[in-house]
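Take a look at the structure below.
The values are calculated or read from the model by the stated rules, or taken from the named source; none is laboratory data. These numbers were taken from a predicted model, which means no experiment stands behind them. Reconstructed Cβ throughout: ideal geometry from the backbone, glycine too, with neighbour counts over all protein chains shown.
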Amino acid sequence: MSDFVLAGGRFVLPGAVMNGGYLPVVNGRFGAWSAEAPEGDAPVVDVSGKWVAPGLVDTHIHGFYNHATTDNDPEGIDISSAELARHGTTSWLPTTFTQGVEDLGRSCKAIADAAAARGPEFVGARIQGIYLEGPFFTTKHVGAQNPKFLIDPSVEVFHEWQEQAGGRIIKSALAAEKPGACRYIAQLDAEGVVTAIGHSDATYDESLAAVNAGATCFVHTYNGQRGLHHREPGVLGCAMTTPNTFAEIICDGKHVVPAAIKALVEAKGWQHTVLITDCLGCGGMPEGKYMSGGLPVVLKDNLCWLADMSSIAGSVLTLVRGVKNMVDWGIVTAEQALRMGSEIPARSVRIDDRCGFIKPGRLADFIVLDSELNLVDTYVGGTLVPQA
């Protein structure tokens, strides 16, 4: 690890984008941006004409590069992390599927083991916590989750998983209409765990009751939930009308068309719209047949389908591509899109004290992009991530 100074870029800092100037990296951490060159003889990295932004934060992702959280394999989690960093994601929440109680616990333990075993020499996306997507969902909107493992919310079962996870579970999704949902939400909120409404056929009133109990996020908005109707606004209506909640959106243009994404951003504001990938373990791989969450899937045309092609199973999107999409579609500015892929996700799961920002003293996890938002370089802890 060596010290250096970034010079001449467009720096996405917490208060504003600063054009030009200097950003030092010292001992793997950010120094303070300044308009004048800092003293010393640290080498200068010229990033003129390029964006320098916080490393991207993916808060809903099941794996990458042919490794998934359901494999229960710490080494596979590390391989996913390394490949994600090569694609601009420097922090992630390994996300589980609907599985049996014991299998889900094993998945949590494997993720925790991977996180615990890492030393400072590891260069890859940081595991910032675990996201439980399931198994507290409704059959009607089960999507690519395995319906035979659906159960009602249970704080007691959650605590079993949390113990196996070493306390690393920071987000849990459930259907708002399930028996015991509000009790579950309130208890997890008291324990500092974010709860999210998803794979749900809840009415607007049921969804709002969940928000009033402490739920603060909506899972891949539009997908796997009761939609908006003028006499029953449903889950989507609740997502759009609760200003202090966060709404995930899969920004591949296939799960949700750009016009619908624009409608959500107009309703929520970009400050509460979280760009996610919902990427499956086959992300980064060629077209073909794979397994995902215990179910056979087909990767075709940059999208993952259930084997019978009856439903989209998930995406193979990279978050840096999603950021670029949002700008190419004319929905937000480049600055807003970069924040929606870093700062806003970090805020949505309460890890903004660790990632999502370029601040003095923070670990120097950042990306460099060209003027068209194509990824140029990724740095983790001030170390340049080698390209494959």
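Worth pointing out:
- Residue match in segment 14-27 (condition: touching a Lys or Arg at 6+ places or on another chain (Cβ under 9 Å), of a type in the set (S, T, N, Q) and not assigned by TED's automatic domain parsing to the domain that holds V274): yes
The rows are residues; the columns are (1) among the polar types (S, T, N, Q); (2) at pLDDT below 95.
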{"position": "P286", "(1), (2)": "no, yes"}
{"position": "G314", "(1), (2)": "no, yes"}
{"position": "S342", "(1), (2)": "yes, no"}
{"position": "D352", "(1), (2)": "no, no"}
{"position": "T378", "(1), (2)": "yes, no"}
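- Entirely in segment 201-304, the helices (runs of 4 or more DSSP H) that have 1 or more residues that are farther than 21 Å from T138 by Cα and assigned by TED's automatic domain parsing to the domain that holds L150: 234-241, 258-268
- Residue among G330, G314, G361 that is at positive phi, out of contact with any strand residue (DSSP E or B) (no Cβ under 7 Å at 6 or more places or on another chain) and either free of Cβ contacts under 8 Å to residues at least 12 places away in the same chain or small (G, A, S) (or both): G330
- Search result, residues across segment 256-301 that are closer than 16 Å to I61 by Cβ and either of a type outside the set (G, A, S) or surrounded by fewer than 16 Cβ atoms within 10 Å (Cβ to Cβ) (or both): V274, L275, I276, T277, D278, C279, L280, C282, M285, Y290, V297, L299
- The set of residues from segment 333-358 being in contact with a helix residue (DSSP H, G or I) (Cβ under 8 Å, 6 or more places away or on another chain) and free of Cβ contacts under 8 Å to residues at least 24 places away in the same chain comprises T333, D352.
- Inspection of segment 174-184 identifies at least one residue that is in the same structural domain as G129 (by TED's automatic domain parsing), in a helix (DSSP H, G or I) and touching a residue at least 40 places away in the same chain (Cβ under 8 Å).
- The number of residues in segment 124-144 being crowded, with 24+ Cβ neighbours inside 10 Å and polar (S, T, N, Q) comes to 1.
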